[in-house]
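Below is one structure, written out as structure tokens, with a few remarks after it.
The values are calculated or read from the model by the stated rules, or taken from the named source; none is laboratory data. Being a predicted model, the structure only gives us computed values, none of them experimental. When we count neighbours, we look across all protein chains shown, and the Cβ atoms used for this are built from the backbone with ideal geometry, even at glycine. What goes into the accessible areas is simple: the full protein's heavy atoms, side chains included, and nothing from ligands, DNA or RNA. Shrake-Rupley method; radii C 1.70, N 1.55, O 1.52, S 1.80 Å.
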Amino acid sequence: MYSLLLLAVVVVAGQPVTEEPALEELRSAVIVSQLTLSQQTEVLKELLTASRQRDSCPQGPTCPYPYTLVLDKCFYFSPHTATWEAARRHCQGMMGDLATPKHLYAIRSFLLDAAKVERFDDVYLFVGVRDFGSNLSWKWLDGRPVDAADFYPGEPHSNDGKECGAFRMHYAPMLIDTLCSYSFRFLCQYHPTN
């Protein structure tokens, strides 16, 4: 390596090189290094172009920590328990509210995956459903009426004082009515401010 460098210095300085094979070796090394630099330049240009194109493409939705993306919405499955009202305040403090999911089976899959990770069998969790009156007028917090098919068979019970909605994870469908004063885990949904 040192002889090649010395040979390069001698050639650059303009001094004649007496060894014909050494000169040929130097020329080959220079050509190879130039070829390598040329190839490296092309690769770098391609990477730069790809990076610019990626940065100019719109990115899909992302969720702030500790929310998780499920389909196109962000949800947080709380490890803590609270009453329905306390759970709602907690979610609101996280720039959200109790969840009002439109795709209940996607949420069920998300929860069942969480159950595998956390190793629990079944769980009740509050969601954003209330009976806003004594005539079983169940609504999501976003104002949508609850489809009767979303309730587990036999739910909701009529006029038994249970005015809050919860998911029982291993039921299908998961939605049940329950007392608001119970202490359950809860599911928040992120609502970014505009």
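See the values below:
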{"quantity": "Net charge over other residues, Cβ less than 11 angstrom from the Cβ of ARG144 (K, R count +1; D, E count -1)", "calculated": "-1"}
{"quantity": "Segment 134-191: radius of gyration and largest Cα-Cα distance (Dmax), Å", "calculated": "11.4, 32"}
{"quantity": "Highest average packing first - 163-176, 61-74, Cβ atoms within 10 Å", "calculated": "163-176, 61-74"}
{"quantity": "Whole-angstrom Cα spans of segment 95-194 along principal axes, big to small", "calculated": "39, 38, 25"}
{"quantity": "Percent carbon-and-sulfur accessible area, segment 79-144, ignoring ligands, DNA and RNA, probe 1.4 Å", "calculated": "51 percent"}
{"quantity": "Segment 75-194 - accessible surface per residue (Å², probe 1.4 Å)", "calculated": "51 Å²"}
{"quantity": "Local electrostatic count, TYR171, Cβ distance below 13 Å [Lys/Arg +1, Asp/Glu -1]", "calculated": "-3"}
